[in-house]
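The values are calculated or read from the model by the stated rules, or taken from the named source; none is laboratory data. What you see is a predicted model; the values in this text were computed from it and never measured. Because the Cβ atoms are built from the backbone with ideal geometry, glycine has one as well, and the counts that use them run over all protein chains shown. All accessible areas refer to the heavy atoms of the entire protein, side chains included, with ligands and DNA or RNA removed. Shrake-Rupley method; radii C 1.70, N 1.55, O 1.52, S 1.80 Å.
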Amino acid sequence: ATLSGDHTICITQQAPLQVSFTGTGPWDLVYSDGINTYAESGLTSNPAVIQAPTGATTLNYVLVSVDGACVGNVAGMSQVSIVSKPVAVLSAPNGICQGLGGMLSVQLSGNGPWDLSYSDGTNVWTESNIASSPYSWNVNPSQDITYQLTDVSDVNCSGNVISVPVQV
């Protein structure tokens with residue numbers, strides 16, 4: 001059997017590891033992340049995808065053993081890199097005046113490009129494919145409103161917004 005596939009995932013996700021078998025199943029396997037050992041039994045798909053538990057750091061998974069109709073050889077490795085969720089913080093550094101407009105700015109963590117959504121309580125807008133942080137854009141409200149971030153994601157995963165309302 002051969003373990004393959006490197007992944008970058010968010011800290012709360014499981015890692016999908018692919019195992020290709022030879023011979024006749026069903027197969028039982030044991031794999032390790034170098035710290036813990038895990039077992040899967042009765043696998044019938046070839047290749048099989050198993051959802052490996054993850055921690056807070058990069059892990060290298062290896063097959064320890066495979067049993068099917070015959071005991072098989074094991075090969076391969078899967079490196080799973082764990083990344084933090086992005087965080088977005090909204091502000092209006094120079095203030096926003098009704099009828100005159102101003103700039104909203106967001107500080108982003110994580111790995112770009114990012115997408116974010118913000119709202120005035122009625123409408124939702126999206127800013128996509130943001131290449132760098134901080135990111136700023138113009139708004140020109142015609143009435144007093146409050147802007148809030150509603151969602152953020154980076155190249156790897158959805159994240160958390162720290163939505164301090166910006167009032168006009």
Exercise for the section: Report the FRET efficiency, 1/(1 + (r/R0)^6), for Asn111 and Ser32, where r is their Cβ-Cβ distance and R0 is 45 Å, rounded to 0.05. Expected result: 0.95
Problem - Three-way shape call for segment 84-150 based on the alpha-carbon gyration tensor, with the a/c threshold at 1.5 - result: prolate
Fill in the blank from the handout: Zone reached by a paramagnetic label modelled 7 Å from Thr150 Cα along Cα→Cβ, restricted to segment 116-132 with backbone N below 11 Å, covers 117-126
Handout entry: Rounded Å value of the spacing that divides the Cα centres of segment 1-71 and segment 96-168
Key = 40 Å
Handout entry: Antiparallel content of DSSP bridges confined to the chain, in %, to 5
Key = 85 percent
Completion exercise
segment 5-121, Kirkwood Rh and Cα Rg, ratio Rg/Rh at 1.28
Handout entry: Accessible area in square angstrom per residue, segment 53-142, 1.4 angstrom probe
Key = 53 Å²
Practice task
Just the number, please: carbon plus sulfur as a percent of the accessible area of the chain, 1.4 Å probe, no ligands or DNA/RNA counted.
Solution key: 47 percent
Handout entry: Positive-end residue of Val83, Ile130, Leu100, charge dipole of segment 52-168 with Cβ unit charges
Key = Val83
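So, R0 is 45 Å and r is the distance between the beta-carbons of Ser119 and Thr8; what FRET efficiency does that work out to, to 0.05? Please report the intermediate quantities before stating the final value.
Details: r = 30 Å, r/R0 = 0.66.
Approximately 0.90, to the nearest 0.05.
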